[in-house]
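The values are calculated or read from the model by the stated rules, or taken from the named source; none is laboratory data. What you see is a predicted model, and the numbers here were worked out from it, not measured in a lab. In this analysis, Cβ positions are derived from the backbone assuming ideal geometry, glycine residues included, and neighbour counts consider all displayed protein chains.
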Amino acid sequence: MLKETELLIEKGEMLPLMEEFYTIQGEGYHTGKAAYFIRVGGCDVGCHWCDVKESWNAELHPPTKTDSIVEKAKKYANTVVITGGEPLMWNMDYITKKLKDSNIKVHIETSGAYTLSGQYDWICLSPKKNKLPLEEVYQSAHELKVIVYNKHDFKFAEEQAALVGSKCELYLQPEWSNREKMTPLIVDYVMEHPKWKISLQTHKYLNIP
Ligand SMILES: C[S@@+](CC[C@H](N)C(=O)[O-])C[C@H]1O[C@@H](n2cnc3c(N)ncnc32)[C@H](O)[C@@H]1O
Ligand SMILES: Nc1nc2[nH]cc(C(=O)O)c2c(=O)[nH]1
Ligand code: SF4
Ligand SMILES: [Mg+2]
């Protein structure tokens with residue numbers, strides 16, 4: 001990669017863009033809200049059930065000028081969701097400042113495994129056992145969304161809930177390929193432990209991106 005590109009990526013003025021799309025937030029607290037998604041490539045967390053493994057190798061996703069990403073986003077929606085890949089592998093200061101300057105609400109989907117750059121109206125933390133979140137992300141999360149693949153994940157969810165702030169919204173989301181088995185267990189769990197809510201990947205039921 002050119003030294004110049006490398007420097008721009010370091011400053012967040014370029015990002016390895018995988019895709020961008022206008023859709024409806026399918027998951028968690030903001031389910032149902034129209035939003036423009038910016039999916040940044042690169043992730044080394046390695047969840048075996050990840051539904052976007054094509055994002056993992058950052059080199060497959062072209063470094064793209066952040067200004068042009070922001071200009072496009074502005075045309076679509078007043079809410080942008082930054083996701084990936086793991087967006088916090090990159091410097092998010094520049095893109096989030098540009099979006100905020102345009103009065104756009106900025107949300108992020110993150111595993112929390114990297115230092116928290118950028119400024120956000122909403123942080124959705126989805127912790128992963130293989131690479132746990134950093135303390136600063138637990139403290140800043142507005143929403144904790146634990147993916148439930150097996151029964152042990154309920155225990156993991158409680159351990160993670162003990163680490164976030166008292167106002168953080170708590171969600172259990174079935175892992176998609178195991179949803180028929182785990183969704184009924186999540187339903188029972190939420191009724192027994194009503195501090196939790198269930199989050200479904202509603203965009204997949206709706207057949208939208
Ligand atoms: C693809 S990840 C990208 C952002 C970040 N790397 C993360 O994991 O939070 C976006 C969201 O999808 C969730 N997710 C990924 N694969 C899933 C699956 N197979 N079933 C349910 N949720 C999944 C993640 O836990 C996360 O909340
Ligand atoms: N509609 C829709 N909602 C989403 N919420 C989180 C997503 C993600 O992949 O980060 C996602 C996604 O990929 N599509
Ligand atoms: S952290 Fe997110 S993008 Fe990375 S493997 Fe896990 S679910 Fe996929
Ligand atoms: Mg998704």
Legend entry - Residue count, the stretch 96-110 (criterion: more than 17 Å from Leu15 (Cβ to Cβ) and either modelled with pLDDT under 95 or under 15 Å from the mean Cα position of the chain (by Cα) (or both)): 1
Inset, instruction - Give the stretch 112-129 a look and list any residue that's surrounded by 19 or more Cβ atoms within 10 Å (Cβ to Cβ) and in contact with a strand residue (DSSP E or B) (Cβ under 6 Å, 6 or more places away or on another chain), or say none. - result: Gly112, Ala113, Tyr120, Trp122, Ile123, Cys124, Leu125, Ser126
Inset, instruction - For residues that are surrounded by fewer than 18 Cβ atoms within 10 Å (Cβ to Cβ) and among the hydrophobic types (A, V, I, L, M, F, W, C), scanning just the stretch 177-201, find the one that is nearest to ligand 1 (Cβ to nearest atom). - result: Ile198
Inset, instruction - Consider Thr83 carefully, then state whether it is surrounded by fewer than 22 Cβ atoms within 10 Å (Cβ to Cβ), within 21 Å of Lys131 (Cα to Cα) and among the hydroxyl-bearing types (Ser, Thr, Tyr). - result: yes
Legend entry - Residue check, Pro174 within 16 Å of ligand 3 (Cβ to nearest atom), farther than 30 Å from Asn91 by Cβ, surrounded by 20 or more Cβ atoms within 10 Å (Cβ to Cβ) and not basic (Lys, Arg): yes
Inset, instruction - Name every residue in the stretch 74-110 that is within 15 Å of ligand 2 (Cβ to nearest atom) and either of a type in the set (Lys, Arg) or over 22 Å from Asp44 (Cβ atoms) (or both), in order of residue number. - result: Tyr76, Ala77, Thr79, Val80, Lys105, Val106, His107
